[in-house]
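> Below you will find the structure I want to go over with you.
The values are calculated or read from the model by the stated rules, or taken from the named source; none is laboratory data. All figures in this text were calculated on a predicted structure; none of them were measured in a lab. Counting neighbours? That spans all protein chains shown, and the Cβs are built from the backbone with ideal geometry, glycine included.
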Amino acid sequence: MNQEIKRAIVIGSGPAGFTAALYLGRANIPPLVFEGQQPGGQLTITTEVENFPGFPEGIDGPALTQKFREQAARFGAEIVTATVDAVDLSARPFKVVVGEETHLAQSLIIATGSSARWLGLPEEDDFHGKGLSACATCDGFFFRDHEIAVVGGGDTAMEEAIYLTNFAKKVTVVHRRDELRASKIMGERAMANEKIEFAWNKTVKKMVGDENGLLEKLILADTQGGEDVELPVTGCFIAIGHIPNTQFLGGQLETDENGYLITRPDVTATGVEGVWACGDVQDHVYRQAISAAGTGCMSAIECERWLGEQDL
């Protein structure tokens, strides 16, 4: 066990974790940051970020992540590329288990984000940033006047489909059943939109690209045993939910029915004193880089004030 007791450990990276680390560093509380298996989180699979303030020409996701990381390091954050396996929140100092090592901390900021649910097709990785996305707000702008698909049948899928009609020529909702799981009002709103069509009882069997590797069409399988059909699209948005990355917590923090960490109203404090949560691990509404950074800032300021109150 590492006997040094850190004042703060940040678990996770991305806009939330690195912003928290930056603010703690500037408050002279340089944290230890475990940035996880996918440093930078979902931004690392986002090719072009055009809606983060300060970058009028846009910036690609990995480059923006690297800037976050460098800024946190500049103010003293110790950043380790490792994944936290478990924590013990039963007493302070908290224990953070990383491989064979156990680290101690007076406070923790959880910024482990969430992972989009993908279809699991073998070719999926080939189309990230080349027509495949899990965020209409992030990437819809790039599909102006295109014909695109949304996969899913819940409220999120309907919201994404409706939003994408602001850009696309046509949106086809691909759903494996013959009725939606979405709420009645969202389903009716989508069905009333003249730009939205539905491919009922269909699943995506294969994604096919053009000679440049850009998505060109989907091969749809019929869940009722009919023949496969081709759907020509240049964009495909997967809207079958996200999975908050909370498994390592072992149920020690309260979550909602979908697994997102619950924080107290108007703050980012969890139900365990000395533990805060920020970014997509506790935000299932906005899921944007800028809102994640905002809650990372909140967590750090709340953590700094708490450490001061504790004379730590």
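> Give the residues of the stretch 281-293 that are modelled with pLDDT of 95 or more and either in contact with a strand residue (DSSP E or B) (Cβ under 7 Å, 6 or more places away or on another chain) or surrounded by fewer than 19 Cβ atoms within 10 Å (Cβ to Cβ) (or both), sorted by residue number.
Val281, Gln282, Ile290, Ser291
> Restricting the search to the stretch 260-274, which residues are in a loop (DSSP other than H, G, I, E, B) and closer than 19 Å to Ala105 by Cβ? Break it down into steps so the answer makes sense when it comes.
Here is the first cut: in the stretch 260-274, the residues in a loop (DSSP other than H, G, I, E, B) are 260, 262-268, 270-274.
Matches in the stretch 260-274: Thr263, Thr268, Thr270, Gly271, Val272, Glu273, Gly274.
> Given the criterion among the aliphatic types (A, V, I, L, M) and surrounded by fewer than 22 Cβ atoms within 10 Å (Cβ to Cβ), identify the matching residue among Ile110, Ile5, Ile11. Break it down stepwise before answering.
Details: Ile110 fails: surrounded by fewer than 22 Cβ atoms within 10 Å (Cβ to Cβ); Ile11 fails: surrounded by fewer than 22 Cβ atoms within 10 Å (Cβ to Cβ).
Just one listed residue meets the conditions, Ile5.
> Looking only at the stretch 293-305, count how many residues are in contact with a Ser or Thr (Cβ under 7 Å, 6 or more places away or on another chain), under 15 Å from Arg264 (Cβ atoms) and of a type in the set (A, V, I, L, M, F, W, C).
Going through the stretch 293-305 one residue at a time, the tally reaches 2.
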